[in-house]
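Written out below as structure tokens is the structure these notes cover.
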Amino acid sequence: MNNFIFENATKAVFGQGCVKEYLSCMVSHYGPNVLLAYGGGSIKRNGIYDEVCGILQSTDKNIVEFSGIMPNPTYAKVQEGAKLVRGNHIDLILAVGGGSVMDCCKAVSMAARYDGDLWADYWARPGVVDFEPVPLGMIVTVSGTGSEMNGGAVITNEELKIKTGRDYPKCNARFALMDPTYTFSVPKMQMISGGFDTLSHIMEIYFSEPDEPNVSDDIAEALMRGVVRDLRAAVQKPEDYTARSNLMWEATMAENRVIKLGKQTDFQAHMMEHQLGAYTDCNHGLGLAVLHPAYYRYICEKGITKFARFATRVWDVPADGKTEIELAHAGVEALADFIQELGMPTTLRELGVTEQTPMKELADSVPLTPGSYGKLTHEDVLHIFEACY
Ligand code: NZQ
Ligand code: ZN
């Protein structure tokens, strides 16, 4: 194992009924003014809004609403939230939603306490957070990103056409309430997208140095097998509590830093998807599903042993008679087959890329990560985009 320091400041409260049972206790540690942040209104249709408001009112909180947080939240929306926090002397931001709501709220929690240009100083490049962001709590309504238990926040600057994530431990929520039954109303393809995002996070960590036996890779394999099993079960029966609760915790485990310990990590597919999102506003998990097979076909021969191990340990590809290279490719094709089995898109055109999309400009805008097997150039990125056009 490489050296590491581990800390995760978020208290995770998990399970059916956890909001009803624990929300009032969780919010009791903060002052009276709560910013209730949510997305486009799904929480009003599925009853979560009424449940949460009822609990907040019973504890005498003043609720200020911050609604309409869009998928792929924008920097303009962050500034709108920060204005509300400042103007209403907010003591706690309560994010009720998925990755988009949670990420937007993390950036709001910083923006409200920072007088400078947050984008320039903390998103365009990493900065040192030498101030205290507004305390945050999360209620997860769609799982996948793992944002509930990390400091990551992915924000789109529409003017600059840049979608960038930063992970500031000071943005970890104080608490995260995770009731798997809250995710039952998520549309099927969004559920699949979230599950695939989780699988992607695990792969982005797994396919990086070091490759000697290590605890993080061992846990990663168990998690990947779990995501495949649980997604299959949840597609068959969306209200399968066992499958949905496993998917929810697998998402958290993939991104709460545990399986990153001692690993370099890659996240090149994420960098490509984020810029694809900046140009097309596509759905995050679906973008990853299109890119991953093309990316891994491109690099797997630079990490043959690990991709071969992926084939046998995650996909149960029989090793008999196959060379290591054949096994490595078989692992990537097993992943591609799974994406097809789930009915996810397989081309960029399905995500909104057209002949008018400036592909070279898009490829050139992708940050290149040092962690992959064989560092990519922008020409390689363009090849990968073209391979899945
Ligand atoms: O906006 P509403 O009406 O609530 O609808 C949402 C949205 O349309 C809907 N939804 C959420 N809960 C629901 C529900 N519909 C019915 N019933 C429910 N219970 O789901 C749609 C998608 O929501 P969103 O939050 O956008 O999805 P997701 O959780 O996949 O988040 C995606 C964002 O997170 C970023 C992505 O880039 C993207 O911007 N990521 C954040 C990460 C992090 N912070 O660690 C890591 C990830 O790699 C990712 O980049
Ligand atoms: Zn992701």
Given (1) within 18 Å of K188 (Cα to Cα); (2) surrounded by 23 or more Cβ atoms within 10 Å (Cβ to Cβ), V235 misses just (2)
Of those in region 1-33 that are in contact with a Lys or Arg (Cβ under 9 Å, 6 or more places away or on another chain) and charged (D, E, K, R), the residue farthest from R257 (Cα to Cα) is K11
In region 59-84, residues that are farther than 11 Å from G39 by Cβ and without any contact (Cβ under 8 Å) to a residue 40 or more places away in the chain total 11
By residue number, the members of region 200-219 that are part of a helix (DSSP H, G or I) and within 15 Å of ligand 2 (Cβ to nearest atom) are S200, H201, I202, M203, E204, I205, Y206
Those residues of region 227-258 which are β-branched (V, I, T) and more than 14 Å from ligand 2 (Cβ to nearest atom) amount to V228, V235, T242, V258
Scanning region 82-110 residue by residue, those within 21 Å of the chain's Cα centre (by Cα) and either among the basic types (K, R) or surrounded by fewer than 24 Cβ atoms within 10 Å (Cβ to Cβ) (or both) turn out to be K106
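If you scan region 184-194, which residues turn out to be touching a Ser or Thr at 6+ places or on another chain (Cβ under 8 Å) and either away from ligand 1 (no atom under 11 Å from the Cβ) or in a helix (DSSP H, G or I) (or both)? Show your work before the answer.
Initial filter on region 184-194 (touching a Ser or Thr at 6+ places or on another chain (Cβ under 8 Å)): 185-186, 191, 194.
Hits for region 184-194 are M191, G194.
Condition test on D60, is it among the charged types (D, E, K, R), more than 13 Å from ligand 1 (Cβ to nearest atom) and on the phi > 0 side of the Ramachandran plot?
Taking the combined requirement at face value, the residue satisfies it.
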By residue number, the members of region 212-228 that are in contact (Cβ under 8 Å) with a residue 12 or more places away in the chain and either within 16 Å of E341 (Cα to Cα) or out of contact with any Gly (no Cβ under 8 Å at 6 or more places or on another chain) (or both) are D217, I219, A220, E221, L223, M224, R225, G226, V227, V228
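Has region 347-359 got at least one residue that is over 22 Å from T280 (Cα atoms) and surrounded by 14 or more Cβ atoms within 10 Å (Cβ to Cβ)?
Within region 347-359, not a single residue is over 22 Å from T280 (Cα atoms) and surrounded by 14 or more Cβ atoms within 10 Å (Cβ to Cβ).
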- Mind checking whether some residue in region 193-208 is surrounded by fewer than 19 Cβ atoms within 10 Å (Cβ to Cβ) and either in contact (Cβ under 8 Å) with a residue 12 or more places away in the chain or more than 16 Å from the chain's Cα centre (by Cα) (or both)? no
Per the filter on region 133-154, residues part of a strand (DSSP E or B) and more than 14 Å from ligand 2 (Cβ to nearest atom) are L136, G137, M138, I139, V140
From the option list V227, V215, V235, single residue qualifying as within 16 Å of ligand 1 (Cβ to nearest atom), in the same structural domain as N246 (by TED's automatic domain parsing), over 12 Å from the mean Cα position of the chain (by Cα) and of a type in the set (A, V, I, L, M) is V227
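The values are calculated or read from the model by the stated rules, or taken from the named source; none is laboratory data. In this text the structure is predicted, and so the values were computed from the model without any measurement. Cβ: placed from backbone, ideal geometry, glycine included. Neighbour counts: every protein chain shown.
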